[in-house]
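**Q** Input: one structure, supplied below.
The values are calculated or read from the model by the stated rules, or taken from the named source; none is laboratory data. Values in this document were obtained by computation on a predicted structure and should not be read as measured data. Backbone-built Cβ (ideal geometry, glycine too); neighbour counts: all protein chains shown. For accessibility, only protein heavy atoms count, side chains too; no ligands or nucleic acids. Shrake-Rupley method; radii C 1.70, N 1.55, O 1.52, S 1.80 Å.
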Amino acid sequence: GGKGGGDGFWHMKEREEREKIKEFWLGLEEQERRNLVRLEKEAVLKKMKEQQRHTCSCSVCGKRRTVIEEELEMLYDAYYEELENYEEQESGEGEGEYAEEEEDFDA
């Protein structure tokens with residue numbers, strides 16, 4: 001067999017994996033999804049704090065760390081909201097919103 005044939009296999013595997021992840025996510029209760037995102041956010045913040053333990057402790061660097069932590073909090077909150085919006089679209093709950101938007105375009 002040639003080298004080119006293997007690429008399709010890997011792309012197929014990637015699609016299968018994404019589909020499995022989507023099914024897993026959609027099968028979770030809202031609180032379970034929220035907990036997963038929270039755990040990921042806490043792990044990232046903990047790792048960031050560990051990395052910064054040996055850095056400067058002046059007020060400027062302290063303020064910078066605080067701003068970065070706040071930004072990460074906002075990013076993860078937005079990330080969760082996007083995941084929830086995706087879940088609503090996949091489950092069909094958001095269909096009414098799109099129908100209204102389409103009507104606006106026709107007007």
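**Q** Ignoring ligands, DNA and RNA, how do 10, 25 rank by accessible area with a 1.4 Å probe, largest first?
**A** 10, 25
**Q** For the stretch 60-73, what does the Karplus curve 6.51 cos²θ - 1.76 cosθ + 1.60, with θ = phi - 60°, yield as ³J(HN,Hα) per residue in whole Hz, taken in order and with x for Gly and Pro?
**A** Going residue by residue, I get 5, 5, x, 5, 4, 4, 4, 5, 5, 4, 5, 5, 4, 4 Hz, with x marking Gly and Pro.
**Q** Tell me the trypsin sites (Lys or Arg not before Pro) within the stretch 27-85 that lie in a loop according to DSSP and have at most 16 other beta-carbon atoms within 10 Å.
**A** 53
**Q** Can you give the FRET efficiency to the nearest 0.05 for residue 53 and residue 21, using r as the Cβ-Cβ distance and R₀ = 35 Å?
**A** The formula returns an efficiency of 0.60 here.
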